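Below is one structure; the comments refer to it alone.
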Amino acid sequence: MDLNAISHHFFGTSDIDTLSPAALEAGRERVSIAFGTERDAGRKFALWAVLRATGDAPDPMRAFKDPREQRAAQMYASAIGAAGADD
């Protein structure tokens, strides 16, 4: 999935940093609903990554049933966390 397309679809903009707190929360709600109903593993992971980036992702162990997807999400979260620590 294209991050810009996801941003436009759920948040109405590709620049999420410009959103008001209310608009950000409304977008997160829409992403969360889509995440809960998504069946395609790749799209589900992309939606989880958006939730993670906006500070509202469920724990990988709860978010994904497949152990490989859980591990991938844990690794992604660790990598993002390490990158953020370098800023």
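Of all residues in the range 1-31, those satisfying the criterion of being modelled with pLDDT of 95 or more and charged (D, E, K, R) are 25, 28, 29, 30.
Does any residue of the range 41-60 turn out to be under 18 Å from residue 5 (Cβ atoms) and without any contact (Cβ under 8 Å) to a residue 12 or more places away in the chain? There is no residue in the range 41-60 that is under 18 Å from residue 5 (Cβ atoms) and without any contact (Cβ under 8 Å) to a residue 12 or more places away in the chain.
Would you check which residues across the range 29-48 are in a helix (DSSP H, G or I) and among the charged types (D, E, K, R) and list them?
Keep residues of the range 29-48 that are in a helix (DSSP H, G or I), which gives 29-37, 41-48.
Result: 29, 30, 43, 44.
Going by the structure shown, is residue 14 small (Gly, Ala, Ser), in contact with a helix residue (DSSP H, G or I) (Cβ under 7 Å, 6 or more places away or on another chain) and open to solvent by 50 Å² or more (accessible area, probe 1.4 Å)? Against the criterion (small (Gly, Ala, Ser), in contact with a helix residue (DSSP H, G or I) (Cβ under 7 Å, 6 or more places away or on another chain) and open to solvent by 50 Å² or more (accessible area, probe 1.4 Å)), residue 14 qualifies.
Residue-by-condition table, conditions (1) under 26 Å from residue 78 (Cβ atoms); (2) surrounded by 13 or more Cβ atoms within 10 Å (Cβ to Cβ); (3) in contact with a His (Cβ under 8 Å, 6 or more places away or on another chain); (4) not small (Gly, Ala, Ser):
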{"position": "21", "(1), (2), (3), (4)": "no, no, no, yes"}
{"position": "24", "(1), (2), (3), (4)": "yes, yes, no, yes"}
{"position": "31", "(1), (2), (3), (4)": "yes, yes, no, yes"}
{"position": "35", "(1), (2), (3), (4)": "yes, yes, no, yes"}
{"position": "38", "(1), (2), (3), (4)": "yes, yes, no, yes"}
{"position": "43", "(1), (2), (3), (4)": "yes, yes, no, yes"}
{"position": "46", "(1), (2), (3), (4)": "yes, yes, no, no"}
{"position": "50", "(1), (2), (3), (4)": "yes, yes, no, yes"}
{"position": "55", "(1), (2), (3), (4)": "yes, no, no, no"}
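Looking only at the range 1-11, which residues are open to solvent by 90 Å² or more (accessible area, probe 1.4 Å) and either in a helix (DSSP H, G or I) or under 13 Å from residue 56 (Cβ atoms) (or both)? Answer for the range 1-11, where residues must be open to solvent by 90 Å² or more (accessible area, probe 1.4 Å) and either in a helix (DSSP H, G or I) or under 13 Å from residue 56 (Cβ atoms) (or both): 3, 8, 9.
The values are calculated or read from the model by the stated rules, or taken from the named source; none is laboratory data. For clarity, every value in this text was computed on a predicted model and none was experimentally measured. Positions of Cβ are generated from backbone atoms using ideal geometry, with glycine treated the same way; all protein chains shown enter the neighbour counts. Calculation scope for accessible area: heavy atoms of the full protein, side chains included, ligands and nucleic acids excluded. Shrake-Rupley method; radii C 1.70, N 1.55, O 1.52, S 1.80 Å.
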